[in-house]
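One structure below.
The values are calculated or read from the model by the stated rules, or taken from the named source; none is laboratory data. Computed from a predicted structure; not experimentally measured. Glycine also receives a Cβ, built like all others from the backbone with ideal geometry; neighbour counts cover every protein chain displayed. Protein only, heavy atoms only, side chains kept; ligands, DNA and RNA dropped before computing areas. Shrake-Rupley method; radii C 1.70, N 1.55, O 1.52, S 1.80 Å.
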Amino acid sequence: MASERRARPPPMGGAGLGNGAPMVGEAGVLGNQAGALPGMWTCGGRRRRRVLGAVFLVLLAAVVVRRYYPCLPVVSEACGDDVVQRLNLTDLVPMRLRGRILGLQAKDSQFVLEQRPFRILGGSVHYFRVPREYWKDRLMKMKACGLNTLTTYVPWNLHEAVRGTFDFSGNLDLQAFIKTAEEVGLWVILRPGPYICSEWDLGGLPSWLLQDPEMQLRTTYRGFTEAVDNYFDHLMPQVVPLQYKYGGPIIAVQVENEYGSYAQDPSYMNYIKMALLSRKIVELLMTSDNHEGLASGIVEGALATLNFQKLDPAIMLFLNTGQQYSMPKMVMEYWTGWFDSWGELHHVFDADDMVQTVGKVVKMGASINLYMFHGGTNFGFLNGAQHFQEYKPTITSYDYDAVLTESGDYTSKFFKLRQLFTEMLGTPLPVPPVISNKASYGAILMQQYVSLWEVLPSLVKPFKSEHPINMENVPVNDGNGQAFGYTLYETVIPGGGTLYSHDHVRDRAQVFVNTQCTGHLDYNTQQLAIPNGEGYRKLRLLVENCGRVNYGEHLNDQRKGLIGDISLNKTSLRNFKIYSLEMKPSFMESLRGFTPWSAVPDSAVGPAFFRGTLQVQHSPQDTFLKLEGWEKGVVFVNGQNLGRYWKIGPQETLYLPGTWLQEGYNEIVIFEERAAGRIIQSTDLPFLGKIQYVS
């Protein structure tokens, strides 16, 4: 039981209790014995006792400061809110630290690294959201901002897209990313999940888990733990050799992520902790939760950390209770901005407010991680979604209004933070790397066209089913089902009437009679009039998975496509042909050689593919594609899926990395669902939509 005095450390104020309290041997106290102090010793016993008493109080104050605020730096130039604290961390970088034995420890209210006080000044960059060629550039900018630690999630659904087949190559080379951080001079906190949230499809969990109708994600349900164990058996050998005690830069590992906001199984967090420890994870363990989930997300043996954007002193006080008493404080996610959803506005968080809060957190003696330092992009179909009162898919851009822009450029947040950390560290920071030029390649004419209906017979083999089958159970990908994209359901109807979805459309379906679009169905629109016609006609539903929910209690309900019966005039439809349209690279390669493509007609409508050419005369540079006049779809450049566009906004441009371009001709293919334009614009400036300030 903590004493009341220990629970209430003395307030800091005045020179004697400030962070720069004089110590034995410092000038002005005992180090000045050859100057002012010797004269005082001749003034008699009373003066001597006063001096001794003063010295004792100074020493006591220093001890108090070290006892209750040990993670504060050694030097302070001022007191109060404008204090400038110096964090001497110059030698605590991966390439300089030798003789590694103890690693990062949470000890007496501070982090220590080899028994030396250490403060985590971190930033989040996700390797899977940034082209590999740009990894080093983004991490060098992090170092130049004054940060010393990289944090990154690990997306299970990319590393094991097919059950039992693992990919750690190319842009998924996690080892290379961590080693790049070490080369730049950054420590690493690894956040391996298995669930990561991150506004990423299903929070990073692979969709094939949902083939099991009884699946209970993020619990000790056997079907889930068996899959996690197999994944960790392959993931951990990638990262174990890169831990601090083995000579690498990984100083801490997070146990799951924000479990307190889910908390479906009290045994789960201990299971994940033991899954890490049994696979030779030897560094400091941490958890990460917001204030509401903190009490339910902790696990014994792991340091609890916080996630927030607005600083509430009560949050920090909550950490100072129970098993967290007298432990170092850390904000694992300080949200530098916010993500955007389709149909809303672009979120912006004031730079001055952000920097002021960062300063306050650090001056409190806490460590901090900026989420995000650089957001990057939800390339392809990998964006997540939110579903509370209504379903809201996340946009393609993960710019996040972060410290660096989506394309890696500096923002005012970067320079304000760099100034703050320069003052705190008291040592020169690396010169910020030069930003890359952005190109405006002008208008790009879409010259060729082929409708989806022409493509289907040649490129996609359907299968037959009496009942609708959800996307995850479509018999493709070696029995792993379909993870992303579109699924087309086709049946025959004898006449017209009212089509009822019964809320079985996930997430949005265009409805066609033969090839004529009659409307769409989604969460809000659940019935549609089908016009009468003679004879039997094809009813087609082109269903899009707009992104699986990544946060909240609906994770187990994220099967996509048609998840149950639909009916016409209250009669359930049967005998479907089902086409999987995941639009993977193999499909796009087949589409490239498909004939006949034809000239784009004057009244071209989707669903259709449109093809044009972007010509680059010199070294390729980053650019942004603006799709004014197009309605909704996906853009591919040289086979790379840039992601979705949608006229409802807020996002109006798609980021095209220069590293995905080549000198000469570059193929652009657009899959447009409905209303097509004729040109797209290549511009050197992004436009993420009208702004809504985060308050």
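Which residue, of Pro475, Pro433, Pro457, is within 30 Å of Asp565 (Cβ to Cβ), at pLDDT 95 or above and not small (Gly, Ala, Ser)?
Details: Pro433 fails: within 30 Å of Asp565 (Cβ to Cβ); Pro457 fails: at pLDDT 95 or above.
On inspection, the qualifying residue turns out to be Pro475.
Find all pairs meeting these conditions: Cβ atoms under 7 angstrom apart; at least six residues apart or on different chains; first residue within the range 237-253 and within 13 Å of Ala181 (Cβ to Cβ); second residue of a type in the set (S, T, N, Q) and open to solvent by 10 Å² or more (accessible area, probe 1.4 Å).
Listed pairs, sorted by first residue: Leu242/Gln175.
Out of the residues in the range 145-179 meeting the condition of being under 17 Å from Ser198 (Cβ atoms) and among the aromatic types (Phe, Trp, Tyr), tell me which one is farthest from the chain's Cα centre (by Cα). Steps first, answer last, please.
Restricting attention to the range 145-179, the residues satisfying the condition of being under 17 Å from Ser198 (Cβ atoms) are 150-161, 171-172, 174, 177.
Subset that is among the aromatic types (Phe, Trp, Tyr): 153, 156, 177.
Working: Tyr153: 7, Trp156: 13, Phe177: 15 Å.
Top of the filtered list is Phe177.
So Leu420 fits all but one of (1) aliphatic (A, V, I, L, M); (2) outside any loop (DSSP other than H, G, I, E, B); (3) closer than 18 Å to Gly146 by Cβ; (4) open to solvent by less than 10 Å² (accessible area, probe 1.4 Å); what number is the exception?
(4)
Of the conditions (1) in contact with a strand residue (DSSP E or B) (Cβ under 8 Å, 6 or more places away or on another chain); (2) open to solvent by less than 60 Å² (accessible area, probe 1.4 Å), Gln448 clears all except one; give me its number.
Looking at each condition in turn, Gln448 falls short on (2).
Of the residues that make up the range 260-282, is at least one in a strand (DSSP E or B) and either closer than 15 Å to Ile189 by Cα or of a type outside the set (Gly, Ala, Ser) (or both)?
Residues of the range 260-282 in a strand (DSSP E or B): none.
No, the range 260-282 contains no residue that is in a strand (DSSP E or B) and either closer than 15 Å to Ile189 by Cα or of a type outside the set (Gly, Ala, Ser) (or both).
Only one residue in Val362, Val331, Val348 is in contact with a Gly (Cβ under 8 Å, 6 or more places away or on another chain) and either over 23 Å from Met583 (Cβ atoms) or surrounded by fewer than 24 Cβ atoms within 10 Å (Cβ to Cβ) (or both), so which one is that?
Val348
For Leu113, only one of the following conditions fails: (1) buried (at least 20 other Cβ atoms within 10 Å of the Cβ); (2) farther than 15 Å from Pro249 by Cβ; (3) aliphatic (A, V, I, L, M). What is its number?
Unmet condition: (2).
Across the range 365-379, what is the number of residues that are among the small types (Gly, Ala, Ser) and either touching a Pro at 6+ places or on another chain (Cβ under 7 Å) or open to solvent by 10 Å² or more (accessible area, probe 1.4 Å) (or both)?
The initial filter retains those residues of the range 365-379 that are among the small types (Gly, Ala, Ser), namely 365-367, 375-376.
Still in the list and also either touching a Pro at 6+ places or on another chain (Cβ under 7 Å) or open to solvent by 10 Å² or more (accessible area, probe 1.4 Å) (or both): 367.
Of the residues in that region, 1 qualify.
Which is in contact (Cβ under 8 Å) with a residue 40 or more places away in the chain, open to solvent by less than 10 Å² (accessible area, probe 1.4 Å), farther than 30 Å from Tyr259 by Cβ and of a type in the set (A, V, I, L, M, F, W, C), of Val543, Val549?
Numbers: Val549 fails: farther than 30 Å from Tyr259 by Cβ.
Result of the check over Val543, Val549: Val543.
Can you tell me which residue within the range 654-695, out of those that are in a loop (DSSP other than H, G, I, E, B) and among the hydrophobic types (A, V, I, L, M, F, W, C), is farthest from the chain's Cα centre (by Cα)?
So in the range 654-695, the residues in a loop (DSSP other than H, G, I, E, B) come out as 657, 661-663, 673-674, 676-678, 684-690, 694-695.
In the following step, the residues that additionally are among the hydrophobic types (A, V, I, L, M, F, W, C) were identified as 661, 676, 685, 687-688, 694.
Values: Leu661: 25, Ala676: 32, Leu685: 23, Phe687: 21, Leu688: 18, Val694: 18 Å.
Ranking the qualifying residues of the range 654-695, first place goes to Ala676.
This table checks each residue for (1) closer than 23 Å to Glu183 by Cα; (2) among the acidic types (Asp, Glu); (3) at pLDDT 95 or above; (4) assigned to a helix (DSSP H, G or I).
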residue: Leu72; (1), (2), (3), (4): no, no, no, no
residue: Ala78; (1), (2), (3), (4): no, no, no, no
residue: Val83; (1), (2), (3), (4): no, no, no, no
residue: Asn88; (1), (2), (3), (4): yes, no, no, no
residue: Arg96; (1), (2), (3), (4): yes, no, no, no
residue: Gly99; (1), (2), (3), (4): yes, no, no, no
residue: Leu102; (1), (2), (3), (4): yes, no, no, no
residue: Ala106; (1), (2), (3), (4): no, no, no, no
residue: Ser124; (1), (2), (3), (4): yes, no, yes, no
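Only one residue in Val460, Val434 is on the phi < 0 side of the Ramachandran plot and open to solvent by 20 Å² or more (accessible area, probe 1.4 Å), so which one is that?
Numbers: Val460 fails: open to solvent by 20 Å² or more (accessible area, probe 1.4 Å).
Just one listed residue meets the conditions, Val434.
Yes/no matrix, rows are residues, columns are (1) aliphatic (A, V, I, L, M); (2) open to solvent by less than 10 Å² (accessible area, probe 1.4 Å):
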| position | (1), (2) |
| --- | --- |
| His126 | no, yes |
| Lys136 | no, no |
| Val154 | yes, yes |
| Ala161 | yes, no |
| Phe166 | no, no |
| Gly170 | no, no |
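Return yes or no: is Asn307 closer than 30 Å to Asn378 by Cα and among the polar types (S, T, N, Q)? Break it down into steps so the answer makes sense when it comes.
Values: closer than 30 Å to Asn378 by Cα: yes; among the polar types (S, T, N, Q): yes.
Yes: the conditions hold for Asn307.
Can you find a residue in the range 224-243 that is surrounded by fewer than 22 Cβ atoms within 10 Å (Cβ to Cβ) and touching a His at 6+ places or on another chain (Cβ under 7 Å)?
no
Tell me, which strands (runs of 3 or more DSSP E) wholly within the range 542-634 include 1 or more residues that are over 22 Å from Arg506 (Cβ atoms) and hydroxyl-bearing (Ser, Thr, Tyr)? Lay out the reasoning, then the answer.
Working: elements: 576-581, 608-616, 623-626.
Strands (runs of 3 or more DSSP E) meeting the threshold: 608-616, 623-626.
Sort through Glu667, Glu628, Glu672 and tell me the only one that's touching an Asp or Glu at 6+ places or on another chain (Cβ under 9 Å), open to solvent by 30 Å² or more (accessible area, probe 1.4 Å) and either touching a residue at least 40 places away in the same chain (Cβ under 8 Å) or over 23 Å from Gln617 (Cβ atoms) (or both).
Working: Glu667 fails: touching an Asp or Glu at 6+ places or on another chain (Cβ under 9 Å); Glu672 fails: open to solvent by 30 Å² or more (accessible area, probe 1.4 Å).
Criteria check complete, one pass: Glu628.
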